[in-house]
Amino acid sequence: MKKRYTRRSNSRPQNEEMSLNITALADVFVILLVFMLKSFSSGLQIMPNQPMTLPQAGHSDAGDISAMKVEITNNAILVESEKAEDLSVQSSPAGEYPGLRKALNKAKEKQRYLASQGAGVAKPNELVVLADKDVPYWVIKKALVSAAMEGMTDAKLAVVKE
Amino acid sequence: MISGQESGANGHEEVELNLAPIIDCFVVLVTFLLISASYLSIGILETALATPGQEVQSPPEDALDIKILSDSKIEIEVVGKHRQKQVVEIDRMVASVQAIKKQLPKIDTATVIPTNDMSFGKVVTVMDQVKQEIPKVALGGKSE
């Protein structure tokens, strides 16, 4: 079968100026931008500041993450991104971390001050633990015991969703 | 930038907003956000640390203690009214917990008790598997 290419006759004059309607494009960009800014800001709160590999879990919740952030790597414990305890020196599984307790207390004081100024702050009895998957369990347990001694009994473990 | 067009003798002017520079800004912003976005989805496993001597308001009738003995063996113990204990292979754990849950449907609390030197990743894997059947999972450990 022969293909026939036809040329549509155009009634427009040849030198007519064509303008692209970019209003719809602008709308799409606005929606994209709002969506990305929203996901960018909510994701930032929980991201670890130290290089670490979080453990994976399939039955985790999206959850409310407005809690104090404690990061545990193989070398250090950080509270709200500030170093609280050095783990490179040998330590025993017994007892607690005095540096962590001090840092949690300081962070709580800060949160209390911010709350008195009307700022939205983390819940006082909750903490989110971001720990490397290779950290031995006793380090996590000792950190949770130290937090419990400061009245922070509700712990949330950050994991990567499978 | 606003460009104006005279529409004729009546003096009525049609004003058109030039969207091109705005679109340029949006393209740059969206590209930047796409590049810097993290595609990892971080979730939360709620837990609590079960400590000896902690007062419990209303203790459950039955609860589950899951002791991780080694990389392959797990001890599952029902504590409370219907006491029972079994040691299973780690890959049989979910099936065993399912069977116990079927037998004692009121169980809603489990305590995972790992050994001190076990990696946190392994502990989370076990907690995750237990969470399939038991909604409240606490962490425990040998008191030092």
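With respect to B:LEU40, determine if the residue is modelled with pLDDT under 85, among the hydrophobic types (A, V, I, L, M, F, W, C) and at negative phi. So B:LEU40 fits the description; yes. Residues in region A:107-134 that are in contact with a Ser or Thr (Cβ under 7 Å, 6 or more places away or on another chain) and surrounded by 20 or more Cβ atoms within 10 Å (Cβ to Cβ) were compared, and the one that is farthest from the other protein chains (Cβ to nearest Cβ) is A:ALA122. For region A:136-162, the set of residues classified as in a helix (DSSP H, G or I) and touching a residue at least 60 places away in the same chain (Cβ under 8 Å) consists of A:VAL139, A:ILE140, A:ALA143, A:ALA147, listed by residue number. Looking for something crowded, with 17+ Cβ neighbours inside 10 Å, more than 11 Å from chain B (Cβ to nearest Cβ) and without any contact (Cβ under 8 Å) to a residue 60 or more places away in the chain - is there at least one such residue anywhere in region A:90-98? Yes, there is a match, as at least one residue in region A:90-98 is crowded, with 17+ Cβ neighbours inside 10 Å, more than 11 Å from chain B (Cβ to nearest Cβ) and without any contact (Cβ under 8 Å) to a residue 60 or more places away in the chain.
Taking the criterion of being modelled with pLDDT of 80 or more and surrounded by fewer than 12 Cβ atoms within 10 Å (Cβ to Cβ), the only residue of region A:39-74 that qualifies is A:PRO51. Being surrounded by 16 or more Cβ atoms within 10 Å (Cβ to Cβ) and at pLDDT 85 or above holds for only one residue in B:LEU33, B:LEU69, B:LEU64, B:LEU49, and it is B:LEU64.
The values are calculated or read from the model by the stated rules, or taken from the named source; none is laboratory data. Remember, it's a predicted structure, so these values are computed and weren't measured experimentally. Note that we place each Cβ from the backbone using ideal geometry, even for glycine, and neighbour counts take in every protein chain shown.
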